[in-house]
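Read through the structure below, which is laid out as structure tokens, and then see the notes.
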Amino acid sequence: MRQRHPDGITPSEITPEAVFHARRDVLRAAGFVGAAALLASARAGAEDIPTRYRRLPGLKKSPYSVKETPNSFEDITSYNNFYEFGLDKTDPAENAGRFRPKPWSVSIEGEAEVTGRFTLEDILKPHPLEERIYRFRCVEAWSMVIPWVGFPLGDLLKRFKPTSKAKYVAFETIVRPEEMPGQKGRTLDWPYIEGLTLAEAMNPLSLMVVGVYGVELPNQNGAPLRLIVPWKYGFKSIKSIVRIRFTDKQPRTTWSEAAPDEYGFYANVNPEVDHPRWSQATERRIGSAFLAPKQRTLPFNGYGAQVAALYKGLDLTRNY
Ligand SMILES: Nc1nc2c(c(=O)[nH]1)N[C@H]1C(S)=C(S)[C@@H](COP(=O)(O)O)O[C@H]1N2
Ligand SMILES: [Mo]
């Protein structure tokens, strides 16, 4: 039952979320979270980030950043979906401490001239890192604004010289049940897998992410290397990637296989196509008061000007 609800709103998942916000609201009401702390959390300056996270120096600013105020480092790192570490929003932060993202390597496979196993250092070396403040919309109808650190996925993929047969790119998460307690159960069919069309992958918005808020990615956010595709529902943004494969056929994806009626391959944010069990027309911004009004969800999560052309001629009510 539960495995059919990736981002599903089941009572067991709603509860921690409600508690998470209720707790903060109660603390605020009681005056424990003072005006200064609230301001700090809204601005989330570097001083709020625990020093155990390594700083990533020399970040370029990006013209692709949105102007909205980012969520706090605390929100971004304590309210997560990462089923390898459990189903509840607070599980990844609590259970990811044993995960060792170093050393790391990524296997490049399939329809490309250059394939093989590359260390993370090999992968990262040629790419200047930038900060990109993106809107992030989960299919569960919550959202955040997140200052990711990364570089364009397309710049990485070009290095492997995809052949003319390469029409899609498939991604895989690591399988390490000893370090990922969620993988000891069958909540999902491990490894977590995702995919994009090559055109989507080459779009300049598609980002390979190695950090957030100017520091290395915390384990719960997908260390050491994850994807961010900001115009798609969050489940497309696969974490802790160990395999990238160029293919001529549309790759299988974890959630479209777990619940084909609910999740498709494209998963573009679309306020006009409701999930079978809830509306996608609005979203709740994490970090706003629990009872704050919802905001309208934008087509392609607000990135339509950059990506709508990718889907010309495709019926997005059927290709969800
Ligand atoms: N490997 C893996 N990647 C994953 C997930 C997951 O469970 N496993 N959850 C997805 C979902 S549903 C969302 S909303 C985002 C959450 O990313 P965040 O925790 O950094 O906000 O990660 C996505 N990537
Ligand atoms: Mo999600």
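The values are calculated or read from the model by the stated rules, or taken from the named source; none is laboratory data. These numbers come from a predicted model, not from an experiment. With ideal geometry, Cβ positions are generated from the backbone for all residues, glycine too; neighbour counts draw on all protein chains shown.
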What residue, among those in the stretch 250-271 that are touching a Ser or Thr at 6+ places or on another chain (Cβ under 7 Å) and farther than 25 Å from ASP155 by Cβ, is farthest from ligand 2 (Cβ to nearest atom)? PRO271
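Table: residues versus (1) of a type in the set (S, T, N, Q); (2) at pLDDT 95 or above.
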{"residue": "ALA258", "(1), (2)": "no, yes"}
{"residue": "ASP261", "(1), (2)": "no, yes"}
{"residue": "ALA267", "(1), (2)": "no, yes"}
{"residue": "PRO271", "(1), (2)": "no, yes"}
{"residue": "GLN280", "(1), (2)": "yes, yes"}
{"residue": "ARG285", "(1), (2)": "no, yes"}
{"residue": "PRO293", "(1), (2)": "no, no"}
{"residue": "PHE300", "(1), (2)": "no, yes"}
{"residue": "GLN306", "(1), (2)": "yes, yes"}
Please verify whether the stretch 69-91 includes one or more residues that are exposed (fewer than 14 other Cβ atoms within 10 Å of the Cβ) and under 19 Å from the mean Cα position of the chain (by Cα). yes
Going through the stretch 183-240 in order, the residues found to be in a strand (DSSP E or B) and over 20 Å from GLU94 (Cα atoms) are ILE193, GLU194, GLY195, LEU196, THR197, LEU207, MET208, VAL209, VAL210, LEU227, ILE228, LYS232
With the condition kept exactly as written, say whether any residue in the stretch 135-144 is closer than 22 Å to VAL106 by Cα, surrounded by 21 or more Cβ atoms within 10 Å (Cβ to Cβ) and among the β-branched types (Val, Ile, Thr). no
Say whether the condition of being touching a residue at least 24 places away in the same chain (Cβ under 8 Å), away from ligand 2 (no atom under 16 Å from the Cβ), among the polar types (S, T, N, Q) and surrounded by fewer than 23 Cβ atoms within 10 Å (Cβ to Cβ) is met by at least one residue in the stretch 235-249. yes
Hits in the stretch 271-320 (condition: in contact (Cβ under 8 Å) with a residue 60 or more places away in the chain, within 17 Å of CYS138 (Cβ to Cβ) and assigned to a helix (DSSP H, G or I)): PHE300, ASN301, GLY302
Could you check, for the stretch 250-263, whether at least one of its residues is surrounded by 13 or more Cβ atoms within 10 Å (Cβ to Cβ) and more than 21 Å from TYR83 (Cα to Cα)? yes
Do you know which residues across the stretch 161-182 are part of a loop (DSSP other than H, G, I, E, B), surrounded by fewer than 21 Cβ atoms within 10 Å (Cβ to Cβ) and of a type outside the set (Val, Ile, Thr)? LYS161, SER164, LYS165, ALA166, LYS167, ARG176, PRO177, GLU178, GLU179
Restricting attention to the stretch 50-68, which residues are more than 18 Å from GLU216 (Cβ to Cβ) and either more than 21 Å from the chain's Cα centre (by Cα) or of a type in the set (Phe, Trp, Tyr) (or both)? TYR64
All positions within the stretch 183-209 that are within 16 Å of PHE82 (Cα to Cα), surrounded by fewer than 23 Cβ atoms within 10 Å (Cβ to Cβ) and more than 8 Å from ligand 1 (Cβ to nearest atom): GLN183, LYS184, GLY185, ARG186, THR187, ASP189, TRP190, ILE193
